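The values are calculated or read from the model by the stated rules, or taken from the named source; none is laboratory data. All values derive from a computational prediction rather than experimental measurement. Cβ sites come from the backbone with ideal geometry, for glycine too, and all protein chains shown count toward neighbours.
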Amino acid sequence: MKQKPTKRKPINAAIAACSFEITAGSDLQILPAGEFRAIDGRPKDVKAWYVDAKVAASIIADLSARQNRLVIDYEHQTLLAAENGKPAPAAGWFKTLEWRDGDGLYAVDVEWTDAAKAHIEAKEYLYFSPVFSYSKKTGAVESVLLGAITNNPALDGMSEVAVAAASQLLINTESLTMDLDELLERLRWMFNLPTLATPDDILVEVNKAVELIKADNTETAAAGFNLITHLNTHHQSIASLTAQVESPDPAKFVPVSVMQDLQGQLAALNKQINDGEVEDLVTVALSDGRLLPAQEAWARGLGAKDIGELKSYLDLAQPIAALTNTQTGGKAPDGEQSGNELTEAQLAICKQTGVSPEDFKKTLSANA
């Protein structure tokens, strides 16, 4: 289970004014117990630097959590190398610290290089000077970063270049100046998470966002992807589309009124064409007996609604011969009455088709 990140206090780098005489082969004092200051007046932002048993325990735990040993160089050249371009050879290495009440913090596993050991034994270098980070609020030392053997233990007038290099070293060793709690709070707000959401909860949401962005554009998987640039591109696209909707280009878009007028004209033309076709279909069907006069209104209504249905009906309808001519050539058949009376066959047709005898007579008169 990952350890929940804790809020780091703001930190600063300093070259300690304290120094301790070196003896090759013995434990090396890194920091004194209690409060201490530099002879040049540092620190300026707190009353003094200090180390006690509790502070020492935190320093020891911080160094134990690191994988690499801390370097001891010559005259703090590690901090000055970027400026003067000279090499920064190591004089020694250490990793294990021990607190001694009333005395201070000691490195108990110093491994000197042969060259440094020779310098120390020849008294060519006499003192050790540590580089450490501390709280700007309390002055308590937070971590030891490196050290140097020197003959100028007070380091009076240490250049600003060295101080800046020490600050950079803090970043490189993950002694971050940022407030991690504030970062987590910002991420909770960004992903609309509750205030009690853990870093693991936040990471889940971050991973979801990454996958969505990759799915949106496969090119975003490249190392050069920038979230702010990606969001700005989307905002510009939305703004462009909004502008087109609010202020359309007349050359590309037809006004709604013009479109509606055209649609009305097209509908009227279609109706005119349809009505003419229906008229022709009904007229022919009435004349050839596929439609009875009583069906005319129904046929016209069906054609106006769906001319295809009317055509289908007429295609299947069978002409009724009695509606186009008389079966006896206009003469009354033997044994039948003449005049306006219908024959039995004609009455049967009326009954079958649902046409009244009167309408049937009118059709016969019209076709006589």
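Give 233, 242, 328 a once-over and let me know the one that is at pLDDT below 80 and in contact with a Ser or Thr (Cβ under 9 Å, 6 or more places away or on another chain). Can you show your working first?
Details: 233 fails: in contact with a Ser or Thr (Cβ under 9 Å, 6 or more places away or on another chain); 242 fails: in contact with a Ser or Thr (Cβ under 9 Å, 6 or more places away or on another chain).
Checking each option against the conditions leaves just 328.
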Which condition from (1) loosely packed, with under 14 Cβ neighbours inside 10 Å; (2) at pLDDT 65 or above is the one that residue 210 breaks? (1)
Per-region count, region 297-312, residues more than 11 Å from residue 279 (Cβ to Cβ) and more than 59 Å from the chain's Cα centre (by Cα): 2
Looking at 167, 129, 159, 135, can you tell me which residue is crowded, with 21+ Cβ neighbours inside 10 Å, under 52 Å from the mean Cα position of the chain (by Cα), among the hydroxyl-bearing types (Ser, Thr, Tyr) and at pLDDT below 90? 129
Identify the residue in region 69-126 that is acidic (Asp, Glu) and more than 25 Å from residue 58 (Cα to Cα) and, among all such residues, is surrounded by the most Cβ atoms within 10 Å (Cβ to Cβ). 75
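A quick yes/no check of all residues on (1) modelled with pLDDT of 70 or more; (2) exposed (fewer than 10 other Cβ atoms within 10 Å of the Cβ); (3) in a helix (DSSP H, G or I):
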position	(1), (2), (3)
311	yes, no, yes
314	yes, no, yes
319	yes, no, no
333	no, no, no
336	no, no, no
339	no, yes, no
347	yes, no, yes
352	no, yes, yes
365	yes, yes, yes
Listing of helices (runs of 4 or more DSSP H) fully contained in region 41-143 that carry 3 or more residues being among the polar types (S, T, N, Q): 77-84
